[in-house]
Amino acid sequence: MNTKPLRFLFIVCLSLFMLACGGENPQPSYTPPDSSFGLMYTKIFQTSCAVNLCHDGSNNGPLLVGENVYSTLLDSSVLNINALQAGLSYVKAGEPDRSFLYTKIDFDSTQFKFGSPMPLGGLSLTNNQIMFVRQWIAAGAPLNGHVADSTLLN
């Protein structure tokens, strides 16, 4: 029996499986500033949000990795039509409860419930991580400066 076609088929199937599971997505190289935003980027976005098949550029949601994350969060319109109609922004500086990002990560405690709570896939943020994001947004969501309690991320 000639096993070469079976071996080739196995290799093709294995390769397709690895691609379907996300594999290693190359993420743009970016070093965030030493700030509350930078801590949120490295300790929350990179570990819970910008992972395979989530906000890493492979879906329709906002890209949460790379040098444009901050401008995306503060300058872009939300894609969820219900959130857009309710007047939410991804991040509305000074207003966590009107920030789509915050409503998604603190889904059960907020007024707006559009789509699914985040992060998906069995991952979850700690209450301290959620509080850190809330503090950052409430303080005006600055790119620079430490405005949220960094001990919440320890």
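The values are calculated or read from the model by the stated rules, or taken from the named source; none is laboratory data. Everything numeric here is computed off the predicted structure, so don't read it as measured data. Quick reminder, even Gly has a Cβ in these numbers, built from the backbone with ideal geometry, and neighbours come from all protein chains shown.
Every residue, every condition in (1) of a type in the set (K, R); (2) outside any helix (DSSP H, G or I); (3) within 17 Å of the chain's Cα centre (by Cα), yes or no:
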site	(1), (2), (3)
K104	yes, no, yes
F112	no, yes, no
L125	no, yes, yes
F132	no, no, yes
W136	no, no, yes
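Kindly evaluate L152 against the criterion of being within 19 Å of G38 (Cβ to Cβ), crowded, with 17+ Cβ neighbours inside 10 Å and free of Cβ contacts under 8 Å to residues at least 40 places away in the same chain. Quick ask: steps written out before the conclusion?
Values: within 19 Å of G38 (Cβ to Cβ): yes; crowded, with 17+ Cβ neighbours inside 10 Å: yes; free of Cβ contacts under 8 Å to residues at least 40 places away in the same chain: yes.
When the stated conditions are applied, L152 passes them.
With respect to (1) farther than 15 Å from S36 by Cα; (2) touching a Leu at 6+ places or on another chain (Cβ under 9 Å), the lone exception for Q135 is condition (1). Only one entry of G94, G121, G66, G87 meets the criterion of being on the phi > 0 side of the Ramachandran plot and either surrounded by 14 or more Cβ atoms within 10 Å (Cβ to Cβ) or polar (S, T, N, Q) (or both), and that entry is G66.
Any residue at all in segment 87-97 that is of a type outside the set (D, E) and assigned to a helix (DSSP H, G or I)?
Of segment 87-97, the ones of a type outside the set (D, E) are 87-94, 96.
So of that shortlist, the ones also assigned to a helix (DSSP H, G or I) come out as 96.
Within segment 87-97, one or more residues are of a type outside the set (D, E) and assigned to a helix (DSSP H, G or I).
Within segment 72-98, residues that are at pLDDT 95 or above have Cβ atoms under 6 Å from residues that are surrounded by fewer than 14 Cβ atoms within 10 Å (Cβ to Cβ) in these pairs: A93/G140; G94/G140, counting only partners at least 6 apart in sequence or on another chain.
Among the listed residues I105, I81, identify the single one that is surrounded by 15 or more Cβ atoms within 10 Å (Cβ to Cβ) and of a type in the set (A, V, I, L, M). Walk me through it before giving the result.
Numbers: I81 fails: surrounded by 15 or more Cβ atoms within 10 Å (Cβ to Cβ).
One residue alone meets the criteria, I105.
Here G61 clears all of (1) in a loop (DSSP other than H, G, I, E, B); (2) within 20 Å of S35 (Cβ to Cβ); (3) within 13 Å of the chain's Cα centre (by Cα) except the condition numbered (2).
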